[in-house]
Every structure is written in C-alpha cells, then in structure tokens.
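The values are calculated or read from the model by the stated rules, or taken from the named source; none is laboratory data. Given the structure is predicted, the values throughout are model-derived calculations rather than measurements. Glycine gets a Cβ as well: all are built from the backbone with ideal geometry, and neighbour counts include every protein chain shown. Surface accessibility is based on the protein's heavy atoms, side chains included, excluding ligands, DNA and RNA. Shrake-Rupley method; radii C 1.70, N 1.55, O 1.52, S 1.80 Å.
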Amino acid sequence: MGHDGNGLQPEFWARPLVATALAECDMATLLDEVRSAHGWTQSQLAHAVGYSQSWVSKVLRGQQMLSVDQIRDIARTLGVPQYLLRIGDRGGEDPTKRRDFSKVAFLAALPVAPSISYRAADETTAASLAAITGAQRRLESDTPARELARGAVAHVELTKRALARSAETPFAIEVCPTVSEAAGFAAWLHADMQDIGTARMFYRFAVDSARRAEHPLLEAYMLGSLAAFEIDHDDPQLGLSMVAQARARTGSHPTPTARAWLACIEALGHAARHDAHSALRCLREAELAVAAGERTVSPPWPWVFPFDPGKLAGYRALVMVRLGRPQDAVAAFTESLVSVRPAAKQQALLMLEIATARRMAGEVDEAFTLAQEALKAGVVYSSERVLQRVRRFRRDYEGPPSLLVREFDDRLRSTVL
C-alpha cells in the first residue's frame, strides 16, 4: 500500500461525478475517478488498495460486491473524505446499493448556485468567522469529535464562500486567515476520529490557505501542526522536514512561543527516530525560548495559550517515553500535571503516556490501571484517537497476563464489540 490518494485536492471531491459517487456509495465510479486522477493503471490501483488486479477489475465493472469493512478500508487507504462517504451497516444490505446518506454533507461539496446572492463581506465578517471557530474549539475539549465534525466542515465551506465574497473588498486580507483556522480545526477533529486521509487533506488545505493569506506565522503554525500529525502517525522524517519549513517561515527572529513549540515538535521527531542527542538539543533550545517568553504578556496569534514551563515539561515527558527513559518521563509528567490541567481527551492521552512509562519501568499494575482510566475516557468521549492509543499500549505489552491485565482485556473487548 505504498500509494495513497491524499495528494488529491479538495476540489476533486466536489466534482459532480465524484460527489454523486460519494453520495450514492458508487465505489466503481469513485475508484475509477481516483485512478484516472492519478493516471494509474488498474494494476497500480490494485496495488494502492491492496487487492488483486482481477478483483479491482470486477469492482470497476460492477461485478464485485464490497462489504462495509472493505469500503471503509479502501476509503482510508485512498484518502477518501469519510465525512462525505457515509456508510450504514445494517445487516443483509449491499452497501454499494444504499442511498441513505447525509444530504447536508453532499450539498456542502457542491458549488454555490450562481443565482444565489449574499451580502458582501464587511468589517465584522472576519471576527464573526473567527468567533465560530473559537467556540467550536472550546466545545472540543469535552465533546465527541463526531458531534462537531459536520459543523466544522460546514464552517470551512462558509469561510471559503465568505472569502470569495470579500475578494473585491478591503476586508479580504482579514477574512483569508479564517479559512486556514477553520480547516486546521476540521483536521484536528478528523485526526481524533482516526480518519487520517481527511485529516491530512484539511491540514494541507490549512497550510495552503495560510500561505495564500500571506501570513507567515499562521503558515508556520499550520506546518507545525501537520508536522506533529505526521510524527504521531509514524513518519518522523516527513514531520521533521515540515518543522524545517515552519522554522523558515518564522524568520530569523521567531517569537519565543513559536520557537519553543517548534523545537518541542522537532524533539519528538528526533526521539521517534531514536536520536537522543538531537532530541535533547531541541529540548534545551525550547527551555531557552520558554525562559525568554516568560517576559511576554501574551502569546502571538494563532497560539491561544502561552508556552510555559508546564507545557515544556509535558513535551519533555513525551520525548523521554520515546527515548526509553521511564524515570525521567514520570518525573516530567509529574511536573507537567502540577502546573497544567489538560482537557478530558488530552488527559486520557497523557495517562496513556504515563502508563507506557510505568510499564517500561516494570510497574505493570500501575500502568494498566492508568490505561483502563484512559480507555473509559476514550469510550465516554468517542475518541478514536484515544482508543487507538489504548490498543497500541496493549499490543506493546508482552508480559504475563495478570488479573488486572485480564480485566483490562475484557473491558477492551467489550469496547470493540
């Protein structure tokens, strides 16, 4: 599965033929359009989705029915935006024949009818759009991502249309960054749902929108966010290259917040590659930047919170886990939690990191107690990101199945079922 469809632009999915195929779950048409867009042969498409050429040929001819799981797997592999591809799983139905999909999501992908007129943008437009994104962000801390995703995607469309209406006005330069902010938040939500292809698409759109806004600091922020995303999804080399781009956009005298944050993301990238020397060097750079930033009254937009010693301690702990230094990790986590009270989903992720450090230190029962609490939070908030990390935590443990471990396994199985 070396290929993927993530390089396709958002406009591709809004093409009438593609949008209709998404709305009707017409996989034959959808796969053929993706194949054509990439210039692939049937064999290359088969390699991309991980099936045989003969099987793909049958799908394209409408002679091969697909299960719900197959559709989801192929959609993830090709980077199909799953917020547009809505799949029910009632037994006995051929999902490729179903028509029960969200009209709202489908219509959001279509261009606005030229006969519809809108009020031109004014001095309140950018502030209003930014306020919506800000409200969505505040809700995200304790709301399942799936409950926010459709509204976030619709808001991205709204910002794009507002930008189009402001094109001939002096307010365009204010509206343009709101598109990037909205897309970045949509990316974050889809990452939480483990819809990796869609998340990557929105992150790339956020970077591109920031670039078009000619706002270097916003572009650096979105590049750094995408870098952290790629590092988190097992491509540290790509993440590090994006950190380098982000650093270049901040100029020769970056603000302390930007410098500290990017240095920490770079440290995570080096730690993922087991390069302890480079990771520790980046942490030292972040420490100097935090010290300089303590004299700053407020962080620069688009950062919302100051990058303080507590935040730095949290990143240091993550780096130490990846470098296999459990005692240093636990100490850093303790320092972090004393000064920072994370939101529920973020706290669950931190608990899993602490659990990993405890497990590495041989404290198995303590580790699985923490992991079980994280599992509960993942279920309550329907966070696929948390649940996926819980499963990864369990896979990485190869020790004997104690009573607590067996209880954890029972709870994990019931969650999956």
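Gly91 falls short on exactly one of the conditions (1) loosely packed, with under 15 Cβ neighbours inside 10 Å; (2) at pLDDT below 75; (3) assigned to a helix (DSSP H, G or I), and that condition is (3).
Condition check ((1) open to solvent by 10 Å² or more (accessible area, probe 1.4 Å); (2) closer than 20 Å to Gly251 by Cα; (3) modelled with pLDDT of 95 or more) across all residues:
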position: Ala167; (1), (2), (3): yes, no, no
position: Pro177; (1), (2), (3): yes, yes, no
position: Asp192; (1), (2), (3): no, no, no
position: Met201; (1), (2), (3): yes, no, no
position: Pro216; (1), (2), (3): yes, yes, no
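Residues that are among the small types (Gly, Ala, Ser) and surrounded by 13 or more Cβ atoms within 10 Å (Cβ to Cβ) were ranked within region 22-49; the one that is nearest to the chain's Cα centre (by Cα) is Ala48. Screening Leu349, Leu288, Leu318 for residues that are part of a helix (DSSP H, G or I) and either on the phi > 0 side of the Ramachandran plot or open to solvent by 50 Å² or more (accessible area, probe 1.4 Å) (or both) leaves exactly one candidate, Leu288. Of the residues in region 330-340, none is in contact with a Leu (Cβ under 6 Å, 6 or more places away or on another chain), open to solvent by 30 Å² or more (accessible area, probe 1.4 Å) and closer than 28 Å to Arg146 by Cβ. Being over 17 Å from Val319 (Cβ atoms) and open to solvent by 20 Å² or more (accessible area, probe 1.4 Å) is the filter here; which residues of region 360-371 pass it? If the condition is that a residue be over 17 Å from Val319 (Cβ atoms) and open to solvent by 20 Å² or more (accessible area, probe 1.4 Å), then Gly362, Glu363, Val364, Asp365, Glu366, Thr369, Leu370 are the ones that fit. Among the residues of region 325-340, the ones that are of a type in the set (A, V, I, L, M) and either in contact with a strand residue (DSSP E or B) (Cβ under 8 Å, 6 or more places away or on another chain) or modelled with pLDDT of 85 or more (or both) come to 4 in all. For region 385-416, a residue qualifies if it is in contact (Cβ under 8 Å) with a residue 24 or more places away in the chain, under 20 Å from Leu318 (Cβ atoms) and either surrounded by 17 or more Cβ atoms within 10 Å (Cβ to Cβ) or in contact with a Phe, Trp or Tyr (Cβ under 9 Å, 6 or more places away or on another chain) (or both), and the qualifying residues are Arg385, Val386, Leu387, Arg389, Val390, Phe393, Tyr397.
For region 229-274, residues that are part of a helix (DSSP H, G or I) and within 26 Å of Gln194 (Cβ to Cβ) total 25.
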